[in-house]
Amino acid sequence: EDGVSFSSVPFKGTRWDHNFHHTLEKEKGKWITVDIHVTSKQYNDFRFFCDTEKGCGYDWFGVLAFIIPFLNDSKERWFCTEVLLAAFRREGMFTRIPWKRTTPTQMYKAALKQNTYASNQKDQQTTV
């Protein structure tokens, strides 16, 4: 909602992208976004977690573990869906999918289900 994105990007690591809305405009058709409904407390906790993980390296071994399963991923590095799922799971969200070795497509499907659940809740909600 605020046009800011957090992710882990190859060669850049974990970071806030304050111009994500511009990226969406430039690269139409490349990105699919899903608004995820959260309480104000969850939103603040999510931002805090991301701030603590900002600057970590990209988890190349975690990505390679999708095709070479015996590789161990890093404890200090993240790939894109891994860091986001870790943040959401701290808030009790996305608990039915593993946060390790989850693809963006799997996260997208889980986000659609999460929103179905969240829309039935009565708490004040905001969008991440």
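With everything on Cα atoms, drop me the angle between helix 104-119 and the longest principal axis of the chain, reported from 0 to 90° to the nearest 10.
20
If you place +1 on the Cβ of every Lys and Arg and -1 on the Cβ of every Asp and Glu, how big does the dipole about the Cα centre of the chain come out, in debye to the nearest 20?
Details: 18 positive and 15 negative charges, 69 e Å.
Its charge dipole is roughly 340 debye.
Given a Förster radius of 35 Å and the C-beta distance between K41 and K12 as r, what FRET efficiency does 1/(1 + (r/R0)^6) yield to the nearest 0.05? It would help to have the intermediate numbers written out before the result.
Working: r = 29 Å, r/R0 = 0.84.
For R0 = 35 Å, the calculated efficiency reads 0.75.
Quick one: pull the percentage of alpha-carbon pairs in the stretch 1-72 with a separation above 18 Å.
Working: 1395 of 2556 pairs.
Value for the stretch 1-72 (Cα pairs over 18 Å): 55 percent.
Are any of the pairs K54/K109; K12/K109; K26/K54; K12/K75; K41/K100; K26/K113 more than 23 Å apart by Cα-Cα distance, and if so, which? Don't jump to the answer; show the numbers that get you there.
Values: K54/K109 26 Å; K12/K109 26 Å; K26/K54 25 Å; K12/K75 17 Å; K41/K100 25 Å; K26/K113 28 Å.
Pairs exceeding the cut-off: K54/K109; K12/K109; K26/K54; K41/K100; K26/K113.
So how compact is the stretch 22-110: Cα radius of gyration and Dmax in angstrom?
14.0, 39
Enumerate the amide H contacts of T39 below 5 Å, restricted to partners 5 or more residues apart or on another chain; note that Pro and chain-start residues carry no placed amide H.
The list, which skips near neighbours in sequence, is T126.
We did not get these values from a lab; they are worked out from the coordinates using the rules stated. It should be emphasised that the depicted structure is a prediction, and the values quoted were computed from it without experimental measurement. As a convention, Cβ positions derive from the backbone with ideal geometry for all residues, glycine included, and neighbour counts pool all protein chains shown.
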